[in-house]
1. If the requirement is being surrounded by 13 or more Cβ atoms within 10 Å (Cβ to Cβ) and assigned to a strand (DSSP E or B), which of these qualifies: Leu161, Leu151, Leu180?
2. Name every residue in the range 240-269 that is touching a helix residue (DSSP H, G or I) at 6+ places or on another chain (Cβ under 6 Å) and without any contact (Cβ under 8 Å) to a residue 60 or more places away in the chain, in order of residue number.
3. If you scan the range 107-133, which residues turn out to be touching a Ser or Thr at 6+ places or on another chain (Cβ under 6 Å) and either outside the structural domain of Asp94 (by TED's automatic domain parsing) or of a type in the set (S, T, N, Q) (or both)?
4. Return the only residue of Leu229, Leu233 being crowded, with 18+ Cβ neighbours inside 10 Å, farther than 15 Å from Leu154 by Cα and under 25 Å from the mean Cα position of the chain (by Cα).
5. Can you name the residue in the range 126-145 that is assigned to a helix (DSSP H, G or I) and in contact with a helix residue (DSSP H, G or I) (Cβ under 6 Å, 6 or more places away or on another chain) and is also nearest to Trp101 (Cα to Cα) among such residues?
6. Tally time: how many residues in the range 108-165 are β-branched (Val, Ile, Thr) and closer than 30 Å to Pro187 by Cα?
7. Being in contact (Cβ under 8 Å) with a residue 24 or more places away in the chain and farther than 23 Å from Ala36 by Cβ is the filter here, so list the residues in the range 55-72 that pass it.
Amino acid sequence: MNYIQQAIEHALPSGSPGFDVLNVPLQIQFSQLQEALLAGQFTLTTPLHAVCEAISHYHCDILLVTGRPACLPGVQALIQHLQPVPVNRIVWMDKYQVHEWYPFNQQGRIGNPKSTAAVGAMLCSLALDLRLPRFNFKAADIGAYSTIRYLGVLDNTVNTLRDENIWYHEIDLDNPDATLDARLHFPLRGNVTLGFRQLANSRWPATPLYSLSINSAELAKTIAGDGVLNVRLKLHGKSKDSPPESFILSDAWLQDGTPIAADALTLKLNTLADRRHSGSHYWIDSGSVYLK
C-alpha cells in the first residue's frame, strides 16, 4: 500500500490536495466474480476442474475442502457445481466446529482454514509415534514422492504438455535404479521450456521445470537456417541406495552428426510459469536472493 501511495504522491502536481489510497472507493459485485469464476475466466478454474476430476475418479467417500481460497463463495459454488462427490458429502473446513484441543480454534471453530495443514502435520507426527489411541491413522503411508511421470516441451503460451511433445514416459524418480532410455534423442530448433505432468492425460496441467537455452551465437545461426539440434538427457545424482536428483544434458549433436560442446547449451531449473521468457530466475531455482 505504501508503494502505491508514494508513487501517486510523486506523480501529483504541486498544490494538489492530499491523496490517500485507502479512501478510494472500490466497488465489487461478488455475483459477477462468481459468474466469471464459473465461466472459467480465472486461472483458478482450470486446476479446480482437474482436482475435481481426479477426486471423482477415485470415488471418495468424504471431501474435506480447506485453505484460504475455499472460503471464497465462487470457489465453493464451482466445487458444488462440479460435484466430485455429492454435495452432502462435501465438508467445508472454514468455520468448522472443533473442540478446545484444536490449537487455532476461535470460539470453538476453525478460524483460519490454513491451520488445518499444521494440525494435520501434528496428527501425522503423533500417529507415527503411536500417540493417538483409539484413532486409526495410517501415517506410514504418507510420504513425499516425485510426480514427474511425463517430461517434454511445454507449449509457449500455456502450461500444457501435448502427447506429441513428450520426450520421456513413465519416469520413476523414486526408484534408485531408474534410468532414461539412452536410445532416445529429440530435435530442437530453439530455446524451449521443459516441463512435466503426472497423468497420462493431455488435459492435465503441466508444470515448468527446466529452461533449455542455446548459448552459442554460431549454433543459434545454424539452427536458424536448416539445422536441427538433437539432444539427449540423463539422470544425475543417484547412488546405490538413493534415487536420482535431477536431469542433466547427456550429449547434443547436429543432424549431420557434428557434436556440440557442452557449454553451447544450458539446462537450468525454471519452475515459475510466468518466468519462462524472462532473464531472471526464481530464487529457489537459482539459489540467489540478489537481483542481478
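1. Numbers: Leu161 fails: assigned to a strand (DSSP E or B); Leu180 fails: assigned to a strand (DSSP E or B).
The match here is Leu151.
2. Ala264 - this is the single residue of the range 240-269 that is touching a helix residue (DSSP H, G or I) at 6+ places or on another chain (Cβ under 6 Å) and without any contact (Cβ under 8 Å) to a residue 60 or more places away in the chain.
3. Thr116
4. Numbers: Leu229 fails: under 25 Å from the mean Cα position of the chain (by Cα).
Answer to the selection: Leu233.
5. Narrowing the range 126-145 to residues assigned to a helix (DSSP H, G or I): 126-128, 139-141.
This time we only want the ones that are in contact with a helix residue (DSSP H, G or I) (Cβ under 6 Å, 6 or more places away or on another chain), so: 127-128, 139.
On the way: Ala127: 16, Leu128: 19, Ala139: 20 Å.
If we take residues in the range 126-145 being assigned to a helix (DSSP H, G or I) and in contact with a helix residue (DSSP H, G or I) (Cβ under 6 Å, 6 or more places away or on another chain), then Ala127 is nearest to Trp101 (Cα to Cα).
6. As a first pass, look at the range 108-165 and keep what is β-branched (Val, Ile, Thr): 110, 116, 119, 142, 147-148, 153, 157-158, 160.
Cutting the leftovers down to closer than 30 Å to Pro187 by Cα gives us 147-148, 153, 157-158, 160.
Number of matching residues: 6.
7. Of everything in the range 55-72, those that are in contact (Cβ under 8 Å) with a residue 24 or more places away in the chain and farther than 23 Å from Ala36 by Cβ turn out to be Ile55, Ser56, Cys60, Asp61, Ile62, Leu63, Leu64, Thr66.
Quick grid of which residues meet (1) under 24 Å from the mean Cα position of the chain (by Cα); (2) closer than 30 Å to Pro69 by Cβ:
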{"position": "Gln106", "(1), (2)": "no, yes"}
{"position": "Pro113", "(1), (2)": "yes, yes"}
{"position": "Ala117", "(1), (2)": "yes, yes"}
{"position": "Gly120", "(1), (2)": "yes, yes"}
{"position": "Leu132", "(1), (2)": "no, yes"}
{"position": "Ala139", "(1), (2)": "no, yes"}
{"position": "Ser146", "(1), (2)": "yes, yes"}
{"position": "Arg162", "(1), (2)": "yes, yes"}
{"position": "Glu170", "(1), (2)": "yes, no"}
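The values are calculated or read from the model by the stated rules, or taken from the named source; none is laboratory data. Quick caveat, the model's predicted, so the values are computed rather than measured. Cβ atoms come from the backbone with ideal geometry, glycine included; neighbour counts cover every protein chain shown.
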